[in-house]
Amino acid sequence: MSLLADLFAGKVLDPGYAEAAARRRAAGRDRAPGHGRLLRAGVPAVLIGIGMLVAVAGAEVRRSEPVAAAQRSRLIAEIRDRTARTDGLQRRLDALREQTQRQRAAALERSAAGQRAREDVAAAGDAAAATAVSGPALVLILDDAPREGGAERRGRPDEGRVYDQDLQILVNGLWAAGATAIGINGQRLTPTTAIRTAGEAVLVDYRPLSAPYEVTALGGAAGGPAALEREFLASAAGRRAELLRERYGIRVETRVRDRARLPGAGALRLRYARAPEPRRGAGP
């Protein structure tokens, strides 16, 4: 109870501490010997040490900036060089693939059995997107929202971008509307093509693409690309495209082309196989 009484009375210092302080004052030992001198000498030393550390850190940062910039420039140049080389090899591969297809078709044309085999190969190639196709097409163009408006102006820049799920929904809508062949920025889609995002890039079959995205769809109903466009716009994917345009400011356009060409896809990895049933009347 005495402690509570002392607290309420404003006595926050224990009497023993007060007596010890009084004895030190009486003996002239209010502070430890040399304490003030040590404090006055230590503060400048600490400040000098901090200043030296800051100066050394700044010098290291300035020294490393040119090196980092040079390394970044070299990496960018190497990426561009490798990309150009890869594109050249891909064009050469496409040309060789088309040449092989022509030679195979000419060899199979020499007999009736060869003609049947040619038809089967052509049907399988079309189903696997392994052969180039051309004809009238519906082209769907998507581009990120402009920076001066749309979601950018509202302070939400990420909402104005075209994402992989947007392309997935629109491509599935085109398939459902009757498209027989689809490509994105010239990259042919196959039954096993994956559309994914890595960082800020959209990957189609692990190949990075950048906006604007041009989705080309061949085929459709009897009405051709015009009928394909009507079916697509009336679907859930068409409503998704309208939502991207109205709410997020993403540019969405549809065009009909009299003729478009899509290359064959790259080599496919065999996952499943089965032996075909023998034709009736065919030999063993």
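Observations, loosely collected:
- R63 surrounded by 10 or more Cβ atoms within 10 Å (Cβ to Cβ) and assigned to a helix (DSSP H, G or I): no
- Of all residues in the range 114-135, those that are at pLDDT 75 or above have Cβ atoms under 6 Å from Cβ atoms of residues that are part of a helix (DSSP H, G or I), 6 or more apart or on another chain, in A117/L108; T131/G125.
- Among (1) surrounded by 11 or more Cβ atoms within 10 Å (Cβ to Cβ); (2) of a type outside the set (K, R); (3) in contact with a helix residue (DSSP H, G or I) (Cβ under 9 Å, 6 or more places away or on another chain) - the single one E109 does not satisfy: (1)
- Filter result for G183 (buried (at least 19 other Cβ atoms within 10 Å of the Cβ), touching a strand residue (DSSP E or B) at 6+ places or on another chain (Cβ under 8 Å) and among the small types (G, A, S)): yes
- The range 259-274, residues that are modelled with pLDDT of 75 or more and assigned to a loop (DSSP other than H, G, I, E, B): P263, G264, A265, R274
Table: residues versus (1) closer than 21 Å to I195 by Cα; (2) surrounded by 21 or more Cβ atoms within 10 Å (Cβ to Cβ).
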| residue | (1), (2) |
| --- | --- |
| A211 | yes, no |
| A222 | no, no |
| E229 | no, yes |
| A234 | no, no |
| R240 | yes, no |
| L244 | yes, yes |
| I250 | yes, yes |
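- Taking residues in the range 74-103 that are closer than 23 Å to V121 by Cβ and at pLDDT 85 or above, and partners anywhere that are surrounded by 10 or more Cβ atoms within 10 Å (Cβ to Cβ) and not aliphatic (A, V, I, L, M), not one pair has Cβ atoms closer than 6 Å while being at least 6 places apart or on different chains.
- Among the residues making up the range 211-235, those that are in contact with a strand residue (DSSP E or B) (Cβ under 8 Å, 6 or more places away or on another chain), at negative phi and modelled with pLDDT under 90 are A211, P225, A226.
- Residues considered: T100, T86, T131. Of these, the only one that is surrounded by 10 or more Cβ atoms within 10 Å (Cβ to Cβ), in a loop (DSSP other than H, G, I, E, B) and among the hydroxyl-bearing types (S, T, Y) is T131.
- Selection within the range 222-253 - assigned to a loop (DSSP other than H, G, I, E, B) and hydroxyl-bearing (S, T, Y): S235
- Selection of the range 185-203 for residues being in a strand (DSSP E or B) and either among the aromatic types (F, W, Y) or free of Cβ contacts under 8 Å to residues at least 24 places away in the same chain (or both) yields Q187, A198, A201.
- V256 vs. criteria within 17 Å of the chain's Cα centre (by Cα), assigned to a strand (DSSP E or B) and at pLDDT 85 or above: no
- Figure legend. Inter-residue proximity from the range 236-248: first residues at negative phi, second residues surrounded by fewer than 21 Cβ atoms within 10 Å (Cβ to Cβ) and of a type in the set (D, E), beta-carbon distance below 7 Å, spacing 6+ or different chains. Indicated pairs: Y248/E159.
- Residue match in the range 30-43 (condition: at pLDDT 70 or above, in a helix (DSSP H, G or I) and exposed (fewer than 10 other Cβ atoms within 10 Å of the Cβ)): no
The values are calculated or read from the model by the stated rules, or taken from the named source; none is laboratory data. From a predicted model like this one, the values you see are computed outputs, not experimental measurements. All Cβ positions, even for glycine, are placed from backbone atoms using ideal geometry, and neighbour counts span all protein chains on display.
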